[in-house]
1. Net charge around G162, counting only other residues with Cβ within less than 14 Å of its Cβ (Lys, Arg = +1; Asp, Glu = -1)?
2. Please compute the modelled spin-label separation between E154 and A244, points set 7 Å along Cα→Cβ, answer in nm with one decimal.
3. Would you please give the FRET efficiency between E217 and A77, computed as 1/(1 + (r/R0)^6) with r the Cβ-Cβ distance and R0 = 35 Å, to the nearest 0.05?
4. Give me the net charge of A87's neighbourhood, meaning all other residues with Cβ under 13 Å from the Cβ of A87; Lys, Arg count +1, Asp, Glu -1.
5. How do the peptides 80-87, 126-133 rank, highest first, by the average count of neighbouring beta carbon atoms within 10 Å per residue?
Amino acid sequence: MLERSRRRRARWSLAVAMTLLACGGPDHATTDVGSTSTDAATSEGASSSSSSNSSSSSSGGDGYLCEDPQPILQAGADAPSGFVRCADGFIHRASLEQCQEPQGVGDCAASDGGGDCTADGDCVAAAHGRCVQEGSYPACWCEYGCARDDDCAEGQVCVCAGEGLGPRARCVPAACERDEACPEDQLCGVSARADACGVISRALSCAPPGACHADLECPDAACYASEGSPIGEHRCGVEQDLEAWGCYPTVSCGGVPPCG
């Protein structure tokens, strides 16, 4: 168990570092996709979905409590995503659910030829391929969706499309699948970090009590200077070590400072 956790942390750190520091665009082309089964969701997911409607959920003890959890539905479907939004804005993974629309539709409108696709039909290396254009990057990349965790590589989980979860189902780096993988006082949920080009990198990690749990808990979005360097808006999320939840400034992309 310990060795598996270490492997997940190493893969998560590498994935996030590549996304946050890249200047040439999001790293979709090298996404490692696991099996492509779209069978019905596991019995564990079906039985645990009722937790989304409970008044609160907690990992136990005096730890972080998700007050008034509100189910987040899958985009375009009257089906639970497995995630709930807590009263403080934190997005908690409460159950395992199957994505009703594992592929979605790409949004490549224009490409400078620097990516690897111009249409969804170009993305055939794995199941559920679509050609996407994220943020202000001028090129398009292939991205591969998922229906459940088993469709993803080790160290990743499947997040369905939904409000606060992204416009399409996709595999994201994960330090936890459920609360059981976290310390007793923490909850497993979504961390979202953005770069100045508008690309949001999501991941799952264990959120401790006392840390920020949503962007609203971070300083105002106004730009300010620190030691002569411009810094952009702050977002609540986890750092590359998987443990340091906090309010971090927007990451620059393409050498452009976050404040413009």
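FYI, it's all coordinate maths here, none of it is from the lab. Since we're looking at a predicted model, the values are computed, not measured. Please note: Cβ atoms are built from the backbone with ideal geometry, for glycine as well, and neighbour counts cover all protein chains shown.
1. Here the charged neighbours net out to +1.
2. Going by the 7 Å Cα→Cβ label model, 2.7 nm.
3. After rounding, the FRET efficiency stands at 0.70.
4. Its environment carries a net charge of -3.
5. Most protected by this proxy first, the peptides run 80-87, 126-133.
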